[in-house]
Amino acid sequence: EFFETKAIFVGYAFILWLLLVILFFAMRLIVFVCSSNRSRSPLAASYFSWLIQSRGISDITVSSAGLSVRHGTTLSHETRQVLTSNGLTALAVGTVPLLPKLVRTADLLICMTSHQQEQIEAKFPSARGKCRPLMSVLESSRPVIEPDKGSVASHQHCLDEMKPALEALLDLVE
């Protein structure tokens, strides 16, 4: 009887230890979403990833996705140029569609416009309560405008416009 009690205690202690390890090492997933996943969300995700690395944060994973992704498309040439000139690394080469599993596993979905938030929440009920437009972090209803095709300067301006909101977002989730 003593050994059975000890075995049960050891079993419960192991389960408690395992739960603590899982909670301690739990990763949070933040997904940035735009329409095509070719410009705004990859720029935001790459800069945010750089921010968390520069602050030594290891419990946040970052991804990006698009609401209307065409199969086989890649990041725009302008996006790649802006990432390179800012010393940032693209998190993916190809575009990623926003799928139900990604929505379910995300802790936070950051979109570029309030209209995109409405679309996401209508299409994915599990997104309700964890989706918000990026600029709302700064208490602004201003959308992040799609940069002009063919314009590196427009893509750089888009990234520069998002930086304060991304920095504020990290302060909120840190």
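General observations
- Region 84-126, Rg to Rh (Cα coordinates; Rh as Kirkwood inverse mean 1/r): 1.06
- Exposure check, 1.4 Å probe, all protein chains in place: Leu172 carries approximately 110 Å² of accessible surface.
- Carbon-plus-sulfur accessible fraction, the chain (probe radius 1.4 Å, protein heavy atoms only): 61%.
- Translational diffusion of region 19-112, µm² s⁻¹ [Kirkwood Rh, Cα pairs; Stokes-Einstein; 4 °C; 1.567 mPa s]: 95
- Region 137-157 versus region 50-91: alpha-carbon centroid distance in Å: 15
- Proximal lysine pairs, the chain, alpha carbons under 21 Å, eight or more residues apart or interchain: 4
- Beta bridges per DSSP with both ends in the chain, % antiparallel, nearest 5: 5
- Förster radius 35 Å - calculated FRET efficiency between Glu118 and Ser54 (Cβ-Cβ, nearest 0.05): 0.60
- For the chain, the solvent-accessible area works out to 57 Å² per residue, with a probe of 1.4 Å and every protein chain left in place.
- Helix axis angle, 2-24 relative to the chain longest principal axis, alpha carbon, degrees: 10
- Each label point was placed 7 Å from the Cα along the Cα-to-Cβ direction; for Lys149 and Thr105 their separation is 3.2 nm.
- 10 °C / 1.306 mPa s Stokes-Einstein diffusion coefficient of the chain, Kirkwood radius on C-alpha pairs, µm²/s: 91
- Solvent-accessible ranking of His155, His115, largest area first, probe 1.4 Å: His115, His155
The values are calculated or read from the model by the stated rules, or taken from the named source; none is laboratory data. Because the structure is a prediction, the values reported are computed rather than measured. Neighbour counts run over all protein chains shown; Cβ positions are idealised from the backbone, glycine included. Just the protein is used for accessible areas: all its heavy atoms, side chains included, with ligands, DNA and RNA removed. Shrake-Rupley method; radii C 1.70, N 1.55, O 1.52, S 1.80 Å.
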